[in-house]
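Asker: Starting off with a structure, shown below.
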Amino acid sequence: MSLKARILVGIILAILVPLVIGTTSVLNTRRMAASDQTLFYDGTVPLQILSQIGVSTQRMRIASRDLLEAGGQAEAAKYDHQLDELSGEIDKLSESYARTELSPAEQIAFQQYAEVRKSYLDYVTQLRTLAQANRHQDGWRILHGEPYNRIVDAHLASIKTLESLQVEQTKQLIAANAGLARSSTLQ
């Protein structure tokens with residue numbers, strides 16, 4: 001090989017090696033960025049939604065109690081309105097959660113959550129009716145009764161189940177991100 005050919009091959013290699021390294025680095029960075037976005041949207045956002053559902057559910061329980069303790073029509077109307085707001089908020093959050101990418105196990109657990117929520121809302125409707133009819137003692141019997149508390153426990157347990165499933169999915173996403181980072185480092 002002539003000197004000119006060797007110099008030309010050297011220049012071409014000097015150009016191609018950094019180009020390949022740079023292209024690989026950019027592609028790996030984009031894949032890791034996309035993987036981080038997936039972790040955020042498919043891993044942490046649903047957990048935040050479920051947490052808000054749990055808090056709003058507890059606030060509904062408190063508003064139900066306060067409705068029975070209300071000292072007049074104005075105060076009762078305030079808690080009745082609060083129940084509407086909280087229920088609407090939970091409905092929106094539930095719809096938002098349902099739009100996230102759910103595994104088959106999460107879909108089943110979400111269906112169970114929805115069924116238990118309906119049963120819970122039936123009790124809330126009964127409590128509101130009793131409060132409007134000024135039958136507070138009957139409302140207190142429901143609040144302190146075993147069937148109501150079983151439904152409340154099942155409702156909260158269904159939210160916890162969804163959270164546990166979401167944590168497992170998030171762990172899988174984290175492991176996939178770690179694997180991607182290792183392979184990018186090796187490349």
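The values are calculated or read from the model by the stated rules, or taken from the named source; none is laboratory data. All values reported here derive from a predicted model rather than from experimental measurement. These area figures cover heavy atoms from the full protein model, side chains too; ligands, DNA and RNA do not enter into them. Shrake-Rupley method; radii C 1.70, N 1.55, O 1.52, S 1.80 Å.
Asker: Using only Cα positions of segment 88-184, each an equal point scatterer, no hydration layer, compute I(q)/I(0) via Debye at q = 0.16, 0.20, 0.22, 0.24 Å⁻¹ and quote the log10 values to two decimals.
Answerer: Computed log10 I(q)/I(0) values: -0.78, -0.99, -1.09, -1.18.
Asker: In square nanometres, what is one fourth of the surface area of the convex hull spanned by the alpha carbons of segment 37-87?
Answerer: 3.6 nm²
Asker: How tilted is helix 104-132 with respect to the longest principal axis of the chain? Cα atoms for both, answer in degrees (0 to 90, nearest 10).
Answerer: For helix 104-132, the angle is close to 30 degrees.
Asker: To continue, here is another question. Return a single number: how many Lys pairs in the chain, at a sequence separation of 8 or more or on separate chains, have alpha-carbon atoms below 27 angstrom apart.
Answerer: Pairs that pass both the separation and distance tests number 7.
Asker: Let me ask something else about it. For helix 3-38, what angle does its Cα long axis make with the longest principal axis of the chain, in degrees from 0 to 90 and rounded to 10?
Answerer: 0 degrees
Asker: While we're on this one: Given C-alpha coordinates of the chain, what is the ratio Rg to Rh with the Kirkwood estimate of Rh?
Answerer: So for the chain, dividing Rg by the Kirkwood Rh gives 1.37.
Asker: To continue, here is another question. Please compute the alpha carbon radius of gyration of segment 1-67, then divide it by the globular-protein estimate 2.2 N^0.38 Å. Two decimals is fine. The partial results should precede the final answer.
Answerer: Working: Rg = 28.5 Å, N = 67, 2.2 N^0.38 = 10.9 Å.
Here the Cα radius of gyration is 2.62 times the empirical estimate.
Asker: Using only Cα atoms and rounding to the nearest 10 degrees, what angle (0 to 90) does helix 45-69 make with the longest principal axis of the chain?
Answerer: Computed tilt is about 10 degrees.
Asker: Roll a 1.4 Å probe over the protein chains and send me the accessible area per residue for segment 47-187 in Å².
Answerer: About 57 Å² of surface per residue is accessible.
Asker: Further question on the same structure: Give me the percent of accessible area attributable to carbon and sulfur for the chain, probe 1.4 angstrom.
Answerer: 60 percent
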